[in-house]
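Okay, structure first, notes after.
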Amino acid sequence: AERFEVTDRNGYFRFDRVPAGTYTLSLYATDVDGPESIAEGAVEGVVVRAGAVTKQNVSLTARPLAGAVYG
């Protein structure tokens with residue numbers, strides 16, 4: 001199952017009540033290098049333990065959005 005969250009102004013986000021398990025964390029950010037760009041990053045194997053807080057840093061790589069249409 002997928003879950004989505006939006007970051008705060010500092011790029012922090014939080015998922016509440018995540019069942020214990022191993023997850024892939026994927027991040028996307030738009031308009032990072034201009035109005036037609038996207039940044040992406042992913043981390044596989046993020047382990048969440050019951051009753052614990054899990055913190056994870058993710059590096060994003062920016063690129064132009066191909067075929068973007070605005071207006």
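The values are calculated or read from the model by the stated rules, or taken from the named source; none is laboratory data. The model shown is predicted, which means the values in this text are computed figures rather than measured ones. Reconstructed Cβ throughout: ideal geometry from the backbone, glycine too, with neighbour counts over all protein chains shown. Just so you know, the surface numbers come from the protein's heavy atoms only, side chains and all, with ligands and any DNA or RNA stripped out. Shrake-Rupley method; radii C 1.70, N 1.55, O 1.52, S 1.80 Å.
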Exercise for the section: For region 17-39, name all the residues that are surrounded by 13 or more Cβ atoms within 10 Å (Cβ to Cβ), among the β-branched types (Val, Ile, Thr) and either out of contact with any strand residue (DSSP E or B) (no Cβ under 6 Å at 6 or more places or on another chain) or modelled with pLDDT of 90 or more (or both). Expected result: VAL18
Fill in the blank from the handout: Within region 54-71, residues open to solvent by less than 80 Å² (accessible area, probe 1.4 Å) and part of a strand (DSSP E or B) come out as ALA62
Problem - Pairs, first exposed (fewer than 10 other Cβ atoms within 10 Å of the Cβ) in region 40-53, second assigned to a strand (DSSP E or B), C-beta under 9 Å, six or more apart - result: GLU44/THR22; GLU44/TYR23; GLU44/THR24; GLU44/LEU25; GLY45/THR22; GLY45/TYR23; GLY45/THR24
